[in-house]
Amino acid sequence: MQMTMRWFGTGYDSVSLAQIRQVAGVTGVITTLYGTKPGELWKTEDICGMKEEVEKAGLTVAGIESVNIHDSIKVGSPDRDEYINNYIKTLERLGQSDIHLVCYLAKMRSDGATVLAYDQKIIDQINPDDMLSSMEAMSNGFVLPGWEPERMARIKELFAMYKEVNEEQLFKNLKYFLACIMPTCDKYGIKMAIHPDDPAWPVFGLPRIIRNKENLLRLVSLVDSPYNGVTLCTGSLGSNPENDIPDIIHALKGRIHFAHVRNLRYNAPGNFEEAAHISSDGSLDMFTIMKALYDSGFDGPIRPDHGRAIWGEVAMPGYGLYDRALGANYLNGLWESIHKMSRL
Ligand SMILES: [Mn+2]
C-alpha cells in the first residue's frame with residue numbers, strides 16, 4: 001500500500017507539492033494533466049514535465065486520476081475509434097514515462113468529486129440548464145473536475161447524446177473500449193481502475209452502471225485481464241447503504257488497483273453528507289474497510305478522499321490540505337495496527 005494525496009497541478013491546486021511532502025507517511029500524488037480535454041492526446045513533454053516536477057518535490061506520481069474518456073466512447077458514436085486511438089497513444093506515453101495506474105469514469109459526468117453533501121430531493125428540483133450557475137456558486141472560484149465551464153456550456157448537447165443510452169449499451173460500449181486498450185495495458189503494465197459512480201444511483205435520468213457489487217463484478221469480467229480493474233471508492237459506493245463495502249472488497253480481490261477511502265454520514269435514504277475520515281464521525285466502519293483491503297492483499301495507492309473545510313482554509317471544495325492530511329494519518333495508523341496485529 002502506498003499512501004498518496006490527490007494533487008491537481010501547479011496553477012490549479014491551492015495545495016503545493018511541498019506541503020504534501022510534509023505530511024508524514026504520504027509518498028506520492030495522484031494527479032493529471034488538468035488542462036487537457038477528454039479525447040485529447042497527451043503530449044509526452046507535458047507528461048514528463050509533470051513527472052519531473054513531482055519527483056523534484058520528493059514525491060512519486062503514483063497514478064493518473066483521470067485520463068477522461070470522451071463522451072463519444074461512452075455513448076458509442078461512430079467517431080469513437082478516433083478517440084480510442086488517442087487514448088491508446090496516451091496510455092503508451094504514460095507507460096513509457098513509467099506511470100502504471102490510470103483511474104477513469106464510465107458515466108456522463110467526468111467526476112463526482114463535488115458531491116460533498118447530497119440530497120436527492122434537492123437534486124430532483126434542479127433544472128440541468130441551471131447547473132452551470134449553481135456549480136459556479138459552490139466552487140470557491142476554482143474549476144471543479146467534471147464541471148469545467150466549456151463542458152457545462154454543452155450540457156444540453158450532452159444530455160441529448162446520452163438520451164438513448166441505456167445500461168446495457170453503456171456496458172457494451174465499455175467492453176468495446178476495454179477490449180481495444182487492453183493489449184496496450186498488458187504491454188506497458190498499466191492498471192486501469194474504473195471509478196464507481198457518485199452517488200450510486202441514476203441521476204437526471206442518466207444510467208449509472210458502476211454502482212454495486214453485481215455491476216463491478218460484471219465490469220471486471222467484460223475483459224478478463226488483471227489490468228482491467230477498479231478504484232475502490234468508499235464514498236461513492238457507500239452512498240448506497242445497501243452496498244457492503246468489505247464484502248465488495250473481498251469479491252474484487254486482485255482487481256482493486258487504487259482506493260479512495262473516506263467516511264460519510266447517512267441522514268435519510270438518498271441524503272448523506274461527508275464526514276471526517278474517522279469511523280466515529282460517520283456511518284462507515286473504516287477499520288473493517290481497511291482490514292478488508294489488507295486481508296485481500298491490496299498493494300496499490302490509496303488516498304484519503306474529500307476533506308472538510310477546517311481551520312479557515314480556502315481551497316477547492318473537498319480538496320483542502322488540513323482535513324485530508326488528518327485522514328492520511330488516520331488511515332496510515334489503521335493500516336499499521338492491522339499489519340502489526342496480524343503478525344502477533
Ligand atoms: Mn472517489
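For the reader, a short list of remarks on this structure follows.
- Candidates 338, 310, filtered to the one that is away from the ligand (no atom under 16 Å from the Cβ), part of a loop (DSSP other than H, G, I, E, B), more than 21 Å from the chain's Cα centre (by Cα) and among the hydrophobic types (A, V, I, L, M, F, W, C): 310
- Sole exception among (1) surrounded by fewer than 19 Cβ atoms within 10 Å (Cβ to Cβ); (2) touching a helix residue (DSSP H, G or I) at 6+ places or on another chain (Cβ under 8 Å); (3) assigned to a helix (DSSP H, G or I) for residue 237, by number: (1)
- Subset of region 1-48 (residues that are hydroxyl-bearing (Ser, Thr, Tyr) and crowded, with 21+ Cβ neighbours inside 10 Å): 4, 31, 32
- Residue 285 passes every criterion in (1) within 27 Å of residue 190 (Cβ to Cβ); (2) modelled with pLDDT of 95 or more; (3) in contact with a helix residue (DSSP H, G or I) (Cβ under 6 Å, 6 or more places away or on another chain) apart from (1).
- Complete set of residues in region 247-286 that are surrounded by fewer than 18 Cβ atoms within 10 Å (Cβ to Cβ), closer than 30 Å to residue 227 by Cβ and of a type outside the set (A, V, I, L, M, F, W, C): 247, 250, 253, 254
- From 262, 255, residue being of a type outside the set (A, V, I, L, M, F, W, C), within 16 Å of the ligand (Cβ to nearest atom) and under 26 Å from residue 190 (Cα atoms): 262
- All positions within region 87-100 that are closer than 20 Å to residue 172 by Cα and surrounded by fewer than 21 Cβ atoms within 10 Å (Cβ to Cβ): 88
- Flag if residue 302 is among the β-branched types (Val, Ile, Thr), in contact with a Pro (Cβ under 9 Å, 6 or more places away or on another chain) and within 16 Å of the ligand (Cβ to nearest atom): no
- Within region 224-242, residues that are closer than 17 Å to residue 286 by Cα and charged (D, E, K, R) reach no partner that is near the ligand (Cβ under 9 Å from one of its atoms) and part of a helix (DSSP H, G or I) with beta carbons closer than 8 Å at six or more positions or on different chains.
The values are calculated or read from the model by the stated rules, or taken from the named source; none is laboratory data. Please read all numbers here as calculations on a predicted model, not as lab measurements. With ideal geometry, Cβ positions are generated from the backbone for all residues, glycine too; neighbour counts draw on all protein chains shown.
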